[in-house]
4 protein chains.
Amino acid sequence: MIFSTACEHLAAIGRDFYRRGWVLGTSGNLSVVLSREPLRVAITASSVDKGHLTEDQILEIDSEARVVNGGQRKPSAETLLHLAILQARGAGSVIHTHSVWSTILSDYHNGQGGFFIEGYEMLKGLEGVVTHEHREWLPILENSQDMTALAEETKALLRDNPQIHGFLIRRHGMYTWGADIGEATRHVEILEFLLESVGRRQMMEPQY
Amino acid sequence: MIFSTACEHLAAIGRDFYRRGWVLGTSGNLSVVLSREPLRVAITASSVDKGHLTEDQILEIDSEARVVNGGQRKPSAETLLHLAILQARGAGSVIHTHSVWSTILSDYHNGQGGFFIEGYEMLKGLEGVVTHEHREWLPILENSQDMTALAEETKALLRDNPQIHGFLIRRHGMYTWGADIGEATRHVEILEFLLESVGRRQMMEPQY
Amino acid sequence: MIFSTACEHLAAIGRDFYRRGWVLGTSGNLSVVLSREPLRVAITASSVDKGHLTEDQILEIDSEARVVNGGQRKPSAETLLHLAILQARGAGSVIHTHSVWSTILSDYHNGQGGFFIEGYEMLKGLEGVVTHEHREWLPILENSQDMTALAEETKALLRDNPQIHGFLIRRHGMYTWGADIGEATRHVEILEFLLESVGRRQMMEPQY
Amino acid sequence: MIFSTACEHLAAIGRDFYRRGWVLGTSGNLSVVLSREPLRVAITASSVDKGHLTEDQILEIDSEARVVNGGQRKPSAETLLHLAILQARGAGSVIHTHSVWSTILSDYHNGQGGFFIEGYEMLKGLEGVVTHEHREWLPILENSQDMTALAEETKALLRDNPQIHGFLIRRHGMYTWGADIGEATRHVEILEFLLESVGRRQMMEPQY
């Protein structure tokens, strides 16, 4: 994928997700692989509004998070997490969203290090899941401003949980990914639906 | 109705319902009868995004779920449920949605095999209901990946409950239908309103 | 106001309120006074979709609910309530909405015949209210399909409660009105905001 | 900034915030500094619909709240609060919104004079906050129709709480500000997200 095409895709997703309340303020970030050998990734810059992305707010970086195209802007501190996921999973795209439901469930279940989403038909929207009789573990990492440490924790988490499709950071939202930008986007939509469903289900019956 | 007109209608409903969060990911499916003798039905193909339906994502099938027009795509596994409903009810259109409220209420009330919606003026939006003093039974089927078995259960359910206007599948959403596509669409809107109302009513007073 | 202008206003309000979920299915109805002497009122016909109103779905009626302009369509059964309010209050417009929050609060508080909304700044959006230190009584009528009887109850309610700006019908939604169509529309918006606020406030603290 | 540019900005923000339900009815108000020496401020007039602002509904005022440009319209009574904040903080823009969540949380926590929002990543969207390990105090003022007194209370509040980014007025909504109109708008979005998050979090676990 060429850089300008990647920028158009990321801007369209940003507009859509902003409208849905998943990347408000300057929260969230989006990346897509441009080439594998050598690794080149288009990723949103630090502190930009995802609802109104312009091409100069998207950077081209290499496997060490160095900007190879994109002028003066700084990569987001969370670039290291994107690279950790892209490399561990061979993913083609990583999306970090910051919705209300991911924020509060990542706090509510934090004591258990995560929670299971189980028995929902919508789980079949996650790549490789073929039945609702599936038990999806959604781990929660403690939030941190030390992104190098958080990237190491992410690598360990992905190594220890080869089946997961996403994870939460406490009071900070969700990371998910996909083979390409369409799959990553669908994973966001599926997981956000499931988070709202389990959150509301719980409010209906607290002992649930 | 000719196939291309049916496709336009289904695509418009898909866009609208996607925006409302009722057919996210690749969930939900839509069908409309093209002719009765012989039976010909336009139905959304398996695993397509209902928010952006194109004509090549809609199939023309016969009474045995064989594709008679539509190229390479596979019919959805749930085609058998559509046919069971179309034949048992003489319906002109069947719609399966997958909203948050139908998902959680189909789980909350699962132990009782369904629940009553009673005393709401909005019930009069269901065909044949002329007063709010109506008691609508909304049955819940256990979810399954065996669609042949689920279609048989659906037939038995429709035989045993001649008065119902829809049913839920546990943690999987809702099926409703109508004499034509307008009536089926209205039934979705009416039942979704009622599900949100009884769900929120219950959260306000758990013993309700 | 001439009939065609009234139709444009009612259609625009219908589209907006449909989008907000206040007149789903064929619920809700809208009226505006065209002239006082003799009384002529433009009102939505029975069983039409308020989100897509066309001029032929709006009737011109007189003070006895007789159609004086509008072809074949039937006036809504609720026309009698509109006339009762227009005459008792000298209002220029009456709006009946059917939202989720008005539906569930009209049920929750039904035992007390209504409830007070008190101490909210937003109350100042109701005509004649100049301070948040206001106590607005929102009465609830039991629902009925006998519109002649319900219109009589409405007249008695308006006589006994000269200060109210609206009322609920149990599990059936809200009626409000205004000197003109702008004021009636604002009253809907104000009361819907207050209903959502007191409903959510109550869910946060049930003993509230 | 010239007056006509300010009007375009305020109208655009008004339309967006109206759509989000933050300035319904005639609630809310918006201001932006045009010049410092002498102080000139563009501010929305009293009792206008913020969703459809026109240039003649926006006034240019001086440091004493006198209209220096804007014809017949009256400044809003809350103009004194805007001036108090602009002067105490050297802010370039002040925004008052009136959402459901700010309304109910300003009531729920009123007994404690405010509440802390703590540990959320989204706090970093507030100017000067660099870590989620931040404890934001959101004070609550009792509502009043005496704007001169409320402006004095606001001045005292800002003096006593140099770190705050906004405050609530009981059952009346939120005030926030920024160095410019973009920062003020972002602060609204950040604080509204946090209010919804802590509100829903609390409903999930009342003892929270």
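The values are calculated or read from the model by the stated rules, or taken from the named source; none is laboratory data. All values derive from a computational prediction rather than experimental measurement. All Cβ positions, glycine included, derive from the backbone under ideal geometry; neighbour counts span all protein chains shown. For accessibility, only protein heavy atoms count, side chains too; no ligands or nucleic acids. Shrake-Rupley method; radii C 1.70, N 1.55, O 1.52, S 1.80 Å.
For region A:1-43, a tally of residues being surrounded by 24 or more Cβ atoms within 10 Å (Cβ to Cβ) and among the basic types (Lys, Arg) returns 0. In region A:109-118, of all residues being of a type in the set (Gly, Ala, Ser) and open to solvent by 10 Å² or more (accessible area, probe 1.4 Å), the one that is modelled with the lowest pLDDT corresponds to A:Gly111. When B:Ile13, B:Ile61, B:Ile43 are checked against the criterion of being more than 18 Å from B:His187 (Cβ to Cβ), at pLDDT 95 or above and aliphatic (A, V, I, L, M), a single residue qualifies: B:Ile61. Residues of region C:89-105 that are under 14 Å from the mean Cα position of the chain (by Cα) and small (Gly, Ala, Ser): C:Ala91, C:Gly92, C:Ser93, C:Ser99, C:Ser102. The set of residues in region A:71-108 being open to solvent by 20 Å² or more (accessible area, probe 1.4 Å) and part of a helix (DSSP H, G or I) consists of A:Leu80, A:Gln87, A:Ala88, A:Arg89, A:Trp101, A:Tyr108.
So, D:Val48, is that one assigned to a loop (DSSP other than H, G, I, E, B) and within 28 Å of C:Phe193 (Cα to Cα) or not? Quick ask: steps written out before the conclusion?
Values: assigned to a loop (DSSP other than H, G, I, E, B): yes; within 28 Å of C:Phe193 (Cα to Cα): yes.
Yes, satisfied.
Being in a loop (DSSP other than H, G, I, E, B), more than 13 Å from the chain's Cα centre (by Cα) and either away from every other protein chain (no Cβ under 11 Å) or among the β-branched types (Val, Ile, Thr) (or both) is not true of D:Gly111.
Residues in region D:1-34 that are acidic (Asp, Glu) and within 13 Å of another protein chain (Cβ to nearest Cβ): how many?
Adding up the residues that qualify gives 1.
Summed over region D:163-191, the residues that are open to solvent by 10 Å² or more (accessible area, probe 1.4 Å) and either touching a residue at least 60 places away in the same chain (Cβ under 8 Å) or within 19 Å of A:Ser99 (Cα to Cα) (or both) give a count of 10. Restrict the check to region B:152-162 and report whether at least one residue is surrounded by fewer than 16 Cβ atoms within 10 Å (Cβ to Cβ), touching a Lys or Arg at 6+ places or on another chain (Cβ under 8 Å) and outside any helix (DSSP H, G or I). Scanning region B:152-162, I find no residue that is surrounded by fewer than 16 Cβ atoms within 10 Å (Cβ to Cβ), touching a Lys or Arg at 6+ places or on another chain (Cβ under 8 Å) and outside any helix (DSSP H, G or I), so the answer is no.
Please state which one of D:Val68, D:Val130 is part of a loop (DSSP other than H, G, I, E, B), without any contact (Cβ under 8 Å) to a residue 40 or more places away in the chain and either away from chain A (no Cβ under 14 Å) or hydrophobic (A, V, I, L, M, F, W, C) (or both).
Values: D:Val68 fails: part of a loop (DSSP other than H, G, I, E, B).
Answer to the selection: D:Val130.
Across region D:133-151, the number of residues qualifying as buried (at least 18 other Cβ atoms within 10 Å of the Cβ) and among the β-branched types (Val, Ile, Thr) comes to 1. Hey, does region A:77-86 have a residue that's within 13 Å of another protein chain (Cβ to nearest Cβ), over 30 Å from D:Met203 (Cα atoms) and among the charged types (D, E, K, R)? Yes, region A:77-86 contains a residue that is within 13 Å of another protein chain (Cβ to nearest Cβ), over 30 Å from D:Met203 (Cα atoms) and among the charged types (D, E, K, R).
Residues in region B:44-56 that are closer than 14 Å to B:Ile13 by Cα, surrounded by 13 or more Cβ atoms within 10 Å (Cβ to Cβ) and polar (S, T, N, Q): B:Thr44 alone. Inclusion of B:Glu37 among residues that are in contact (Cβ under 8 Å) with a residue 24 or more places away in the chain and of a type in the set (Asp, Glu) is not warranted. Just name the residue that is farthest from B:Gln202 (Cα to Cα) out of those in region C:119-132 that are of a type in the set (A, V, I, L, M, F, W, C) and surrounded by 16 or more Cβ atoms within 10 Å (Cβ to Cβ). Residue satisfying both the conditions and the ranking: C:Val129.
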